[in-house]
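Below is one structure, written out as C-alpha cells; the observations come after it.
The values are calculated or read from the model by the stated rules, or taken from the named source; none is laboratory data. Treat the numbers as computed from the prediction; the structure is a model and nothing was measured. Heads up, the Cβs are rebuilt from the backbone with ideal geometry, glycines too, and the neighbour counts pull from every protein chain shown. Note: areas computed on protein heavy atoms with side chains; ligands, DNA, RNA excluded. Shrake-Rupley method; radii C 1.70, N 1.55, O 1.52, S 1.80 Å.
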Amino acid sequence: MEKKRLVSGIQPSGMIHLGNYFGAMIQYLELQEEYHSFIFIANFHALNTIRDPEIMNQYVTDLVAHYLAIGLDPEKVSLYRQSDLPEVCELSWILSTLTPMGILERCHSYKDKIAKGFSPDHGLFAYPVLMAADILLPKANIVPVGKDQKQHVEVTRDIALKFNNQYGEILTIPEDRINQSTAVVPGIDGQKMSKSYDNCIYPFASEKALKKQVMNIVTDSTPLEEPKDPDKCNVFGIYKLLADQDEIEKMRNQYLAGGYGYGHAKKELLAKILDYFAVARTRYLDLHQNKDYMEEVLQKGVEKVRTVAHKTLTEVRKAVGFY
Ligand code: ADP
Ligand code: TRP
C-alpha cells in the first residue's frame, strides 16, 4: 500500500529554537519512515519579513543544515526549497479565487501583526493561501506543526473543501498533527518560545551563546536553601523536554528538598542540551563546510516533489478548464 503523505515547512529566519524543534521538527523525524514526507524551506513566505538577499540566502542554507543535522534522511524525505517549486504560486492563485476575504481577516497571525501596528502587505494577508498551496500540491494527509499553525491548516481544509465542491474531488483534505505535550514550548520567560519575543534557546548556537541563553532563564527569588516548586519554574519546564523520566524525577526531588538553587538547575540544563544535541551540533558544523552536498540534496528533493506536484496541477488545471 502506498504510504500516506506528510508536508511541512519552516521559514528561513535564522537558527531554529527549542520551540521549533520540539513543536514541529521532532515530528518530522519520528514520522519520516512511516510517511512519504515533503519538508521544505518556506522562502517565499519569508519574503514577508526578510528583504536582504544575502541574509535570505544565508538563512536558507542554514535551515538545510539544521534539517540534515537533526537527522532527516534525504533518501526518505524530499527536502526542497519552496522557490524551486514555483508551481505552488500557480496553485496559490487558483485557490485565492475561491478564498473568502473573511477567512483571511480572521487569521491570528494577520490580526496580531495589525494589532502591533504593522501596515499589512498583500503577501502577509494572502500568506495562508500560499500555505494551503504548499500543503495541497503534494496532497498531504498530515501536516505536523506547533499549535500556532493549527488555524492555518484549518484554512487550508476550508479552501480545499471549497475547491472540491466546485470542481470535484481532486484535493486531499489534510489534518494537522500536533504533539500535545509540546504544542506550545515555553521560552526563557515562560511565554511561548518565539523569535519575536526574544526568549529563545537555540540548541545550535555556540557553547558560549547557549550558556548565556540558559543563564538568562527567568526564575523567582526563592533562596537557595528553601524548597521550590518545580512546576512553576521555567528551567524545569525546559529540562522536561530533554531529560528522561528518571532524570526528571531526580530534578523534581531536588527542587522539593531545598538546598538546590536555580543556578544548579541551569547548569544541569545546559549540560543536558549539549548532550542531547551533541551529534547534531557536530554534523551542523560539518555541513556548513559542505555546501555543494546540501545543494545536491535540495536538487534531488525538488525533483521528487515536482513529479507529485505536476500530477496534482494537471488535475487542477483540467478541472478549472485549462486544457
Ligand atoms: P517563531 O515563532 O519563532 O517565528 P515559526 O513561526 O517560524 O517560529 O515556527 C516554525 C514551526 O515551529 C511551526 O510549525 C511552529 O508551530 C513551531 N513552533 C514555533 N514556536 C513554537 C513553540 N514555542 N512551541 C511549539 N511549536 C512551535
Ligand atoms: N506558516 C509556517 C510557519 O510560519 C510555515 C509554513 C509555510 C508551513 N507553509 C507551510 C508549515 C506548509 C506547514 C505546511 O511556521
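Does residue 29 satisfy the condition of being farther than 25 Å from residue 123 by Cβ and more than 13 Å from ligand 1 (Cβ to nearest atom)? Working first, answer last.
Values: farther than 25 Å from residue 123 by Cβ: yes; more than 13 Å from ligand 1 (Cβ to nearest atom): yes.
Against the criterion (farther than 25 Å from residue 123 by Cβ and more than 13 Å from ligand 1 (Cβ to nearest atom)), residue 29 qualifies.
So how many residues does region 170-184 have that are open to solvent by less than 50 Å² (accessible area, probe 1.4 Å) and either within 16 Å of ligand 2 (Cβ to nearest atom) or among the hydroxyl-bearing types (Ser, Thr, Tyr) (or both)? Even if it seems obvious, please write down each step before you answer.
Filtering region 170-184 down to residues open to solvent by less than 50 Å² (accessible area, probe 1.4 Å) leaves 170-172, 174, 176, 178-179, 182-183.
If we keep only those that are either within 16 Å of ligand 2 (Cβ to nearest atom) or among the hydroxyl-bearing types (Ser, Thr, Tyr) (or both) too, we end up with 171-172, 174, 176, 178-179, 182-183.
The total comes to 8.
On the basis of being assigned to a loop (DSSP other than H, G, I, E, B), within 20 Å of the chain's Cα centre (by Cα) and more than 16 Å from ligand 1 (Cβ to nearest atom), does residue 138 make the cut? So that I can check it myself, show each step before the final result.
Details: assigned to a loop (DSSP other than H, G, I, E, B): yes; within 20 Å of the chain's Cα centre (by Cα): yes; more than 16 Å from ligand 1 (Cβ to nearest atom): yes.
Yes; evaluated as a whole, the condition is true for this residue.
So, residue 271, is that one among the hydrophobic types (A, V, I, L, M, F, W, C), in a helix (DSSP H, G or I), in the same structural domain as residue 209 (by TED's automatic domain parsing) and open to solvent by 20 Å² or more (accessible area, probe 1.4 Å) or not? Outline the logic, then answer.
Details: among the hydrophobic types (A, V, I, L, M, F, W, C): yes; in a helix (DSSP H, G or I): yes; in the same structural domain as residue 209 (by TED's automatic domain parsing): yes; open to solvent by 20 Å² or more (accessible area, probe 1.4 Å): yes.
Judged against the criteria, residue 271 is a match.
Restricting the first residue to region 114-128 and requiring it to be closer than 27 Å to residue 94 by Cβ, which pairs with a second residue that is outside any helix (DSSP H, G or I) and not charged (D, E, K, R) meet a Cβ separation below 7 Å and a spacing of at least six or different chains?
114/120; 121/48; 123/47; 123/48; 124/48; 127/48; 128/107
Among the residues of region 15-50, how many are closer than 26 Å to residue 89 by Cβ and modelled with pLDDT of 95 or more?
Number satisfying all stated conditions: 19.
Can you tell which of 119, 92, 78, 83 is assigned by TED's automatic domain parsing to the domain that holds residue 21 and either surrounded by fewer than 17 Cβ atoms within 10 Å (Cβ to Cβ) or assigned to a loop (DSSP other than H, G, I, E, B) (or both)?
Values: 92 fails: either surrounded by fewer than 17 Cβ atoms within 10 Å (Cβ to Cβ) or assigned to a loop (DSSP other than H, G, I, E, B) (or both); 78 fails: either surrounded by fewer than 17 Cβ atoms within 10 Å (Cβ to Cβ) or assigned to a loop (DSSP other than H, G, I, E, B) (or both); 83 fails: either surrounded by fewer than 17 Cβ atoms within 10 Å (Cβ to Cβ) or assigned to a loop (DSSP other than H, G, I, E, B) (or both).
Every option except 119 fails the conditions.
What residue, of 307, 312, is over 27 Å from residue 201 (Cβ atoms) and surrounded by 12 or more Cβ atoms within 10 Å (Cβ to Cβ)? Working first, answer last.
On the way: 307 fails: surrounded by 12 or more Cβ atoms within 10 Å (Cβ to Cβ).
Of 307, 312, the one residue that is over 27 Å from residue 201 (Cβ atoms) and surrounded by 12 or more Cβ atoms within 10 Å (Cβ to Cβ) is 312.
Just the residues that are surrounded by 17 or more Cβ atoms within 10 Å (Cβ to Cβ) and free of Cβ contacts under 8 Å to residues at least 40 places away in the same chain, please, taken from region 185-227. So that I can check it myself, show each step before the final result.
First, pick out the residues of region 185-227 that are surrounded by 17 or more Cβ atoms within 10 Å (Cβ to Cβ): 185-188, 192-195, 199-205, 210, 213-214, 217, 219.
Across region 185-227, the qualifying residues are 199, 213.
Would you confirm, using the coordinates I've provided, whether residue 159 is more than 18 Å from the chain's Cα centre (by Cα), closer than 17 Å to residue 94 by Cβ and more than 16 Å from ligand 1 (Cβ to nearest atom)? Write out each step before concluding.
Details: more than 18 Å from the chain's Cα centre (by Cα): yes; closer than 17 Å to residue 94 by Cβ: yes; more than 16 Å from ligand 1 (Cβ to nearest atom): yes.
The answer is yes for residue 159.
Being within 19 Å of the chain's Cα centre (by Cα) and farther than 15 Å from residue 159 by Cβ is the filter here; which residues of region 86-111 pass it?
108, 109, 110
Quick check on this structure: which one of 51, 5 is over 23 Å from residue 281 (Cβ atoms), among the charged types (D, E, K, R) and touching a strand residue (DSSP E or B) at 6+ places or on another chain (Cβ under 7 Å)? Write out each step before concluding.
On the way: 51 fails: touching a strand residue (DSSP E or B) at 6+ places or on another chain (Cβ under 7 Å).
Result: 5 is the single residue among 51, 5 that is over 23 Å from residue 281 (Cβ atoms), among the charged types (D, E, K, R) and touching a strand residue (DSSP E or B) at 6+ places or on another chain (Cβ under 7 Å).
Counting only residues that are within 13 Å of ligand 2 (Cβ to nearest atom), surrounded by fewer than 18 Cβ atoms within 10 Å (Cβ to Cβ) and of a type in the set (Gly, Ala, Ser), how many does region 127-169 have?
0
Since residue 111 meets every condition but one in (1) within 13 Å of ligand 2 (Cβ to nearest atom); (2) in a helix (DSSP H, G or I), which condition does it not meet?
Residue 111 satisfies all of (1) within 13 Å of ligand 2 (Cβ to nearest atom); (2) in a helix (DSSP H, G or I) except (1).
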